[in-house]
Amino acid sequence: MTCLEARDQLPEYALGVLPAERVRDLERHLEGCAGCRRETAELHQGVETMSFSLPQASPPPALADRVVRGLFEGARAKPSQPRASRRAVRVLAAATLAAALVAFGAIGWGVAERHRAQSINAIAIRRIENIDKLDTFIKSLGGQPFQAQLVPVAGIESSGTAVIVSASGANSVVIIDVLPLIPNHGPYSVQLIDRSGRVFSLGHLQSSTSGDLVFVQFTAQDLSRVLSVTILDAHSNVVMTGKVAPYSKG
Amino acid sequence: MTFGREGPLSAESEQELMRQLVAGEEHAIRTLYSRFGRPIYTVGLRMLGSVEAAEELTRDVFLAAWRKGGRFDSERGRLSTWLMAIAHNMAVDRLRHDRGAGRPPLVLVEEVPEPAPLDEEEVLLDRDRAQRALAGLSAAERHLLSQAYFSGWTAREIAESEGIPLGTVKTRLRAALIKLRKSEAEQSRMATRRGIER
């Protein structure tokens, strides 16, 4: 799509009336064109002015609470019913992944080993087994362990677990295992947010041979104040999230 | 970082607020609602015509804001613009979905029913600026913009209804939106200058 073609459609796009079949192509153009994005932003400001020109209505006082509740319920909505039996098993998958690292000798990684992180992760992912070793692994890092149950947003089917260990040096680690998301809008990236609002944008989930999406990353960052774990899809939409709580075995 | 429930936020604060929203911080949700709940609800009420539909739209807009929060970039635009675009797009989608092939009666800006007045100075100032901006449009621009904004008509539908070329409709819609933006921006600048001089 050329800029000329894009700009011809921008007023309708800003007004939300551009036919859906043309929106995707236009948004693809906008992603790569700063000039057209600027024009879109200006047109959207015009639309905003229309919105504020309306005589303002008074929403019911209880609506604020309903919005908050709706948001929390939306985050927890529609867990995968048909896959619930798998979930019971897979919820420990992060633990198995950590154990795989143990089995592979990842404890006390040195600098040289960290350079091989990708290949080690890849191998570890293929060796998901031995759940009982997770605690050993966590203790060996000598840090503070946390976990988060990841729940999908409405319209997404999946479930998963994140384990975070905040340790000194470069021994902090984030381990995530989730069931394949349906519908799939990957690749999926991992984001942590701490209590001061700091965002840690980490890498992407990888497909394991078991079909799960997994993530392992060692870091020197202080992860002791992480509040939530969020999984974003290819368009940066939140697809899964979980609040961080102290780690409890099993 | 904490946020007041009134007054403009810096780009940095808006980005921070959205980070906290994505993290599921309740105070961030409430801050966002206290700032934008009313105009979003108003768009729902005026476009969809019932309290129930307006409430549902408001809830869904905040849910969408949370889901899409990672995409918000304060360098690309203001938070209010981003949120009101989500709200208006959702309202148009519902309007067009509910309407099916039929067309609702045209609702002109001046025909929108006037509710009980509000006493919040900031809300009144926002509306005053917006209405001044609207007054700067030609009758034709205002008419076409109302059809697209309130009724969710595409440029082609408007062209067929009005018997004017499609290109003319698009040109007028663009010109109208750009005029609104410029007028609003100019008034904001003047208001800021007056505030500094006071």
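None of the figures in this text is laboratory data; all of them are computed from the coordinates on show. Just so you know, these numbers come straight off a predicted model, no measurement behind them. All Cβ positions, even for glycine, are placed from backbone atoms using ideal geometry, and neighbour counts span all protein chains on display.
When the stretch A:200-233 is examined, which residues are found to be farther than 23 Å from A:GLU157 by Cβ and of a type in the set (D, E, K, R)?
Of everything in the stretch A:200-233, those that are farther than 23 Å from A:GLU157 by Cβ and of a type in the set (D, E, K, R) turn out to be A:ASP222, A:ARG225.
Quick one: which strands (runs of 3 or more DSSP E) sit completely within the stretch A:189-240 and have at least 3 residues that are more than 10 Å from every other protein chain (Cβ to nearest Cβ) and in contact (Cβ under 8 Å) with a residue 24 or more places away in the chain?
Output list reads A:213-219.
Looking only at the stretch B:63-82, count how many residues are touching a residue at least 24 places away in the same chain (Cβ under 8 Å) and in a helix (DSSP H, G or I).
Looking only at that region, the number is 7.
Could you check B:ALA85 against (1) in contact (Cβ under 8 Å) with a residue 40 or more places away in the chain; (2) touching a Gly at 6+ places or on another chain (Cβ under 8 Å); (3) buried (at least 22 other Cβ atoms within 10 Å of the Cβ) and say which number it fails?
Of everything listed in (1) in contact (Cβ under 8 Å) with a residue 40 or more places away in the chain; (2) touching a Gly at 6+ places or on another chain (Cβ under 8 Å); (3) buried (at least 22 other Cβ atoms within 10 Å of the Cβ), B:ALA85 misses just condition (1).
Under 6 Å by Cβ, and 6 or more places apart or on different chains, what pairs join a residue from the stretch A:1-16 that is at the interface with chain B (Cβ under 8 Å from one of its Cβ atoms) with one that is small (Gly, Ala, Ser)?
So the pair list comes out as A:GLU12/B:ALA155; A:LEU15/B:ALA148.
Would you mind finding the one in A:ARG28, A:ARG69 that is more than 20 Å from B:ARG38 (Cβ to Cβ), surrounded by fewer than 17 Cβ atoms within 10 Å (Cβ to Cβ), of a type in the set (Lys, Arg) and without any contact (Cβ under 8 Å) to a residue 60 or more places away in the chain? So that I can check it myself, show each step before the final result.
Working: A:ARG69 fails: more than 20 Å from B:ARG38 (Cβ to Cβ).
Testing whether each residue is more than 20 Å from B:ARG38 (Cβ to Cβ), surrounded by fewer than 17 Cβ atoms within 10 Å (Cβ to Cβ), of a type in the set (Lys, Arg) and without any contact (Cβ under 8 Å) to a residue 60 or more places away in the chain leaves just A:ARG28.
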